[in-house]
Amino acid sequence: VEDAIRLNASALAVQVFIGGEFETQSIHNLTRLVDAGNRYGIPVLGVTAVGKNMTRDARYFRLACRICAELGAHFVKTYYVAEGFETVTASCPVPVIMAGGKKLPELDALTMAYRAVEQGAAGVDMGRNIFQSDDPRAMITAVRKVVHENVPPEEALALYEDMKKRSKSPLQ
């Protein structure tokens with residue numbers, strides 16, 4: 001926590017493995033981090049982790065998100081599921097952030113972000129879907145338009161393609 005304060009971090013994050021081999025240890029990590037964060041006024045993000053053999057459905061994510069929130073996480077990051085994501089966000093008493101997950105084609109990633117926000121996510125946390133795209137600057141701009149301006153995925157993709165084309169133009 002002292003390092004986070006020194007770096008002027010906006011939040012702290014910890015993965016929680018509900019139903020996994022290290023569930024108990026990860027829950028203890030969350031509660032200790034929440035206590036420390038509260039002591040210094042730094043919010044904590046609970047990240048719902050999934051292992052290879054763990055179920056990845058709305059029922060599991062509802063439970064995992066709710067546990068993180070009830071143990072003090074100020075907001076929760078979880079994966080998008082096509083069936084029932086709105087029940088995940090509705091059942092969690094703190095804001096839910098959608099995890100970007102594996103690399104997808106740009107339209108698929110933008111569509112997932114759009115649907116997640118439409119179904120109650122407070123935002124998205126995309127890594128590889130941005131930095132592994134052909135033009136990360138264009139992709140983060142397109143994601144921002146989807147999340148903050150409710151721009152439809154197809155329109156955001158057109159913006160991405162236009163920005164990508166212009167960034168490779170010899171005139172710029």
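So LEU157 clears everything in (1) closer than 27 Å to LEU33 by Cα; (2) of a type in the set (A, V, I, L, M); (3) open to solvent by 30 Å² or more (accessible area, probe 1.4 Å) except one condition, right? Which one?
(1)
Return the residues of the range 98-118 that are of a type outside the set (A, V, I, L, M, F, W, C) and either open to solvent by 40 Å² or more (accessible area, probe 1.4 Å) or without any contact (Cβ under 8 Å) to a residue 12 or more places away in the chain (or both); say none if nothing qualifies.
Restricting attention to the range 98-118, the residues satisfying the condition of being of a type outside the set (A, V, I, L, M, F, W, C) are 100-103, 105-106, 108, 111, 114-115, 118.
Scanning the range 98-118 gives LYS102, LYS103, PRO105, ASP108, TYR114, ARG115, GLU118.
Tell me which residues, restricted to the range 50-62, are in contact with a strand residue (DSSP E or B) (Cβ under 9 Å, 6 or more places away or on another chain) and surrounded by fewer than 21 Cβ atoms within 10 Å (Cβ to Cβ).
VAL50, ARG56, TYR60 - these are the residues of the range 50-62 that are in contact with a strand residue (DSSP E or B) (Cβ under 9 Å, 6 or more places away or on another chain) and surrounded by fewer than 21 Cβ atoms within 10 Å (Cβ to Cβ).
Only residues that are of a type outside the set (Asp, Glu) and part of a helix (DSSP H, G or I): list them for the range 10-35, please.
THR24, GLN25, SER26, ILE27, HIS28, ASN29, LEU30, THR31, ARG32, LEU33, VAL34
Using beta carbons and a limit of 6 Å, which pairs, at least six apart or on different chains, have the first residue in the range 28-46 and on the phi > 0 side of the Ramachandran plot and the second one assigned to a helix (DSSP H, G or I) and open to solvent by less than 10 Å² (accessible area, probe 1.4 Å)?
From the range 28-46, no pairs qualify.
The values are calculated or read from the model by the stated rules, or taken from the named source; none is laboratory data. On a predicted model such as this, the values are computed, not experimentally measured, just so you know. Because the Cβ atoms are built from the backbone with ideal geometry, glycine has one as well, and the counts that use them run over all protein chains shown. Remember, those area values only see protein heavy atoms, side chains included, never the ligands or the DNA or RNA. Shrake-Rupley method; radii C 1.70, N 1.55, O 1.52, S 1.80 Å.
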